[in-house]
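The values are calculated or read from the model by the stated rules, or taken from the named source; none is laboratory data. Here the structure is a predicted model, which means the values were calculated and not measured. Cβ: placed from backbone, ideal geometry, glycine included. Neighbour counts: every protein chain shown. The accessibility values were calculated without ligands, DNA or RNA, using every heavy atom of the protein model including side chains. Shrake-Rupley method; radii C 1.70, N 1.55, O 1.52, S 1.80 Å.
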Amino acid sequence: TRLFEKGTNSTDFSMDLAVDGTITINNNATITGSTTTIPISLNKWTHVALVRTSTGTNDTRWYINGAAAGTFTHDTNISSVNLMYICASGGAGYFLTGHLSNLRIVSGTAVYSAAFTPSTTPLLPIANTVLLTCQNNMFVDNSSNNLNVFASA
């Protein structure tokens, strides 16, 4: 199941939720150690954060419900949202069967750097927020960018 997919070229990036509850990062760049070590529970809200702090080894960290879930190396900038699919892919299939809430992409700021308590209220745009969506029943970007968001079948 695809949580989100960015782009349609050699730097495509996607985050997938597997049947066993693990999350995997996929892209055409070099990635090492990209699967979470903490599985996601079915039928339960789960806060997932992916934070890239630099371009070095183990520069990207997973947080599941505020707890550190592992690190991996990712060498491609993924902050651009000029073309992004949420809960689907640009190709056939990979649709999410479930709910996604409060998708926030922040560029240039590592929002989390240690264990934290996830918010139980809608996220707010913070400094460097590129996209903030999936917060209500409308397809809107609540960041200061006010990007166009479209529903597609």
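If you take the residues of the stretch 20-38 that are at pLDDT 70 or above and in a loop (DSSP other than H, G, I, E, B), which of them is farthest from residue 107 (Cα to Cα)?
Among residues in the stretch 20-38 that are at pLDDT 70 or above and in a loop (DSSP other than H, G, I, E, B), the one farthest from residue 107 (Cα to Cα) is 20.
Mind checking which residues of the stretch 75-103 are open to solvent by less than 50 Å² (accessible area, probe 1.4 Å), at pLDDT 70 or above and either within 17 Å of residue 145 (Cα to Cα) or not in a loop (DSSP other than H, G, I, E, B) (or both)?
Answer for the stretch 75-103, where residues must be open to solvent by less than 50 Å² (accessible area, probe 1.4 Å), at pLDDT 70 or above and either within 17 Å of residue 145 (Cα to Cα) or not in a loop (DSSP other than H, G, I, E, B) (or both): 102, 103.
For residue 148, are the conditions met, namely being in contact with an Asp or Glu (Cβ under 9 Å, 6 or more places away or on another chain), surrounded by fewer than 13 Cβ atoms within 10 Å (Cβ to Cβ) and at pLDDT below 85?
Values: in contact with an Asp or Glu (Cβ under 9 Å, 6 or more places away or on another chain): yes; surrounded by fewer than 13 Cβ atoms within 10 Å (Cβ to Cβ): yes; at pLDDT below 85: yes.
Taking the combined requirement at face value, the residue satisfies it.
For residue 60, indicate whether it is surrounded by 15 or more Cβ atoms within 10 Å (Cβ to Cβ), modelled with pLDDT of 65 or more and under 19 Å from residue 109 (Cα atoms).
Working: surrounded by 15 or more Cβ atoms within 10 Å (Cβ to Cβ): yes; modelled with pLDDT of 65 or more: yes; under 19 Å from residue 109 (Cα atoms): yes.
It is true that residue 60 is surrounded by 15 or more Cβ atoms within 10 Å (Cβ to Cβ), modelled with pLDDT of 65 or more and under 19 Å from residue 109 (Cα atoms).
Residue under question is residue 128, and the condition is that it be closer than 28 Å to residue 19 by Cα, modelled with pLDDT of 85 or more and surrounded by 13 or more Cβ atoms within 10 Å (Cβ to Cβ); does it hold? Write out each step before concluding.
Numbers: closer than 28 Å to residue 19 by Cα: no; modelled with pLDDT of 85 or more: yes; surrounded by 13 or more Cβ atoms within 10 Å (Cβ to Cβ): yes.
In short, no.
Within the set of pairs 6 or more residues apart or between chains, which connect a residue that is among the aromatic types (Phe, Trp, Tyr) inside the stretch 112-131 to a residue that is open to solvent by 60 Å² or more (accessible area, probe 1.4 Å) with Cβ atoms less than 8 Å apart?
112/61
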